[in-house]
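The values are calculated or read from the model by the stated rules, or taken from the named source; none is laboratory data. Predicted model only: the values in this text are computed from it and were never measured. Here the Cβ positions follow ideal geometry from the backbone for every residue, glycine too, while neighbour counts run over all protein chains shown. Heavy atoms of the whole protein, side chains included, go into the accessibility calculation; ligands, DNA and RNA do not. Shrake-Rupley method; radii C 1.70, N 1.55, O 1.52, S 1.80 Å.
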Amino acid sequence: MARTAAPKEKGKRRRDHPPALRELLRVPGGEPVDLSSYDSRAVPGGPADKAAGLAATARLAERLAGLQDRLYAASTAGDPRRLLLVLQGMDTSGKGGTVKHVIGHFNPAGCRVRAFKTPTARERSHPFLWRVRRALPEPGEIGIFDRSHYEDVLIARVRELVPRAELDRRYGEINLFERSLAETGTTVVKVFLHLGHDEQRARLLARLDNPDKHWKFSPADIDDRALWPAYRKAYELALERCSTGTAPWYLVPADRKWYRNWAISALLLEHLEALDPVYPKAGFDVGEARDRLLKMP
């Protein structure tokens, strides 16, 4: 399994939109994953530095917005395709930041953002995928999951919320679910934001040091940090068992926020370009409509 590039390799020639980024960041399923072997400060395939990264991300915005517009327009003529971005990562890894800085490229009217929190009593009374199915994007939309159905094999494993046999069955259910999404027109882009242990401490301390950020902090964050090894193992298993041909996982180093934003923007661009949606042809006589309009006072 190829490891993400280390910072010392940054001198190589780069472009705003490396055509092989999906392959560079992809986690091959079925192989053991050791997250400690991945550098969370790496910038694989990325611009040379922060300034270049910010500029490159800004240049991607127009192309992303244009592709979203085409995707939405195509749906009005019956194109069933849509895109779902799944964001997973430890606390402070940047799920909310991605929604703010990356999804900000798009027209919000064509986006559906859902942040999955602790299941309600009603949600717990249904199978674990029930609430996820209800939040899926419609044709032409771009959906964003801030956390997702993977919480049911992550926190459920770490906190031992369900029997182990049930937990193991869920990986298979997730794979079947995501395959069914792909077969019915949903492109699933799953991103694991790989945050370093030291970087998380720094970000949590920054929240404590800024009164305006206290609302984003909970003492439970410290409890979860104490379980870092267990969460890392749970993520390794999810990446290994649920990175498939139809819905692979992409590992994005997340210590450098500018790189995170660029990489996810570039990943979305690659997937949308592969879809290549087209504007539908007019279902009326354009010339006649133009003549009528010109004749009107």
Every residue from the range 86-135 that is part of a helix (DSSP H, G or I), loosely packed, with under 15 Cβ neighbours inside 10 Å and not hydrophobic (A, V, I, L, M, F, W, C): G96, K100, G104, P108, R122, R124, R133
Test: L239 is aliphatic (A, V, I, L, M), touching a strand residue (DSSP E or B) at 6+ places or on another chain (Cβ under 9 Å) and part of a helix (DSSP H, G or I): yes
Answer from G287, G283 - the residue that is at pLDDT below 95, closer than 30 Å to A74 by Cα and open to solvent by 10 Å² or more (accessible area, probe 1.4 Å): G283
Some residue of the range 131-149 being out of contact with any Cys (no Cβ under 7 Å at 6 or more places or on another chain) and within 13 Å of M90 (Cβ to Cβ): yes
Qualifying residue in the range 36-46 (condition: closer than 26 Å to L205 by Cα, part of a helix (DSSP H, G or I) and more than 19 Å from the chain's Cα centre (by Cα)): yes
Hey, L167 closer than 21 Å to H101 by Cβ and surrounded by 16 or more Cβ atoms within 10 Å (Cβ to Cβ) or not: no
Failed condition for V162, given (1) loosely packed, with under 15 Cβ neighbours inside 10 Å; (2) at pLDDT below 95: (1)
Residue match in the range 61-83 (condition: of a type in the set (A, V, I, L, M) and either without any contact (Cβ under 8 Å) to a residue 40 or more places away in the chain or in contact with a Cys (Cβ under 6 Å, 6 or more places away or on another chain) (or both)): no
Pair list, Cβ < 6 Å and 6+ apart or interchain, from the range 107-130 residues that are within 26 Å of A65 (Cα to Cα) to residues that are open to solvent by 80 Å² or more (accessible area, probe 1.4 Å) and at pLDDT below 95: none
Residue match in the range 228-235 (condition: open to solvent by 40 Å² or more (accessible area, probe 1.4 Å), of a type in the set (A, V, I, L, M, F, W, C) and within 23 Å of the chain's Cα centre (by Cα)): yes
Criterion: in contact with a strand residue (DSSP E or B) (Cβ under 6 Å, 6 or more places away or on another chain), assigned to a helix (DSSP H, G or I), open to solvent by less than 40 Å² (accessible area, probe 1.4 Å) and of a type outside the set (K, R) - qualifying residue of A263, A247: A263
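Residues are listed down the side, and each one gets a yes or a no for (1) on the phi > 0 side of the Ramachandran plot; (2) of a type in the set (A, V, I, L, M, F, W, C):
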position: L251; (1), (2): no, yes
position: D255; (1), (2): no, no
position: W258; (1), (2): no, yes
position: I264; (1), (2): no, yes
position: L267; (1), (2): no, yes
position: D276; (1), (2): yes, no
position: A282; (1), (2): no, yes
Criterion violated by A58 - all others in (1) assigned to a helix (DSSP H, G or I); (2) surrounded by 16 or more Cβ atoms within 10 Å (Cβ to Cβ); (3) out of contact with any Leu (no Cβ under 7 Å at 6 or more places or on another chain); (4) of a type outside the set (S, T, N, Q) satisfied: (2)
Flag if W258 is assigned to a helix (DSSP H, G or I), touching a Lys or Arg at 6+ places or on another chain (Cβ under 6 Å) and closer than 30 Å to H105 by Cα: yes
Residue within the range 184-201 that is touching a residue at least 40 places away in the same chain (Cβ under 8 Å), surrounded by fewer than 18 Cβ atoms within 10 Å (Cβ to Cβ) and hydroxyl-bearing (S, T, Y) present: yes
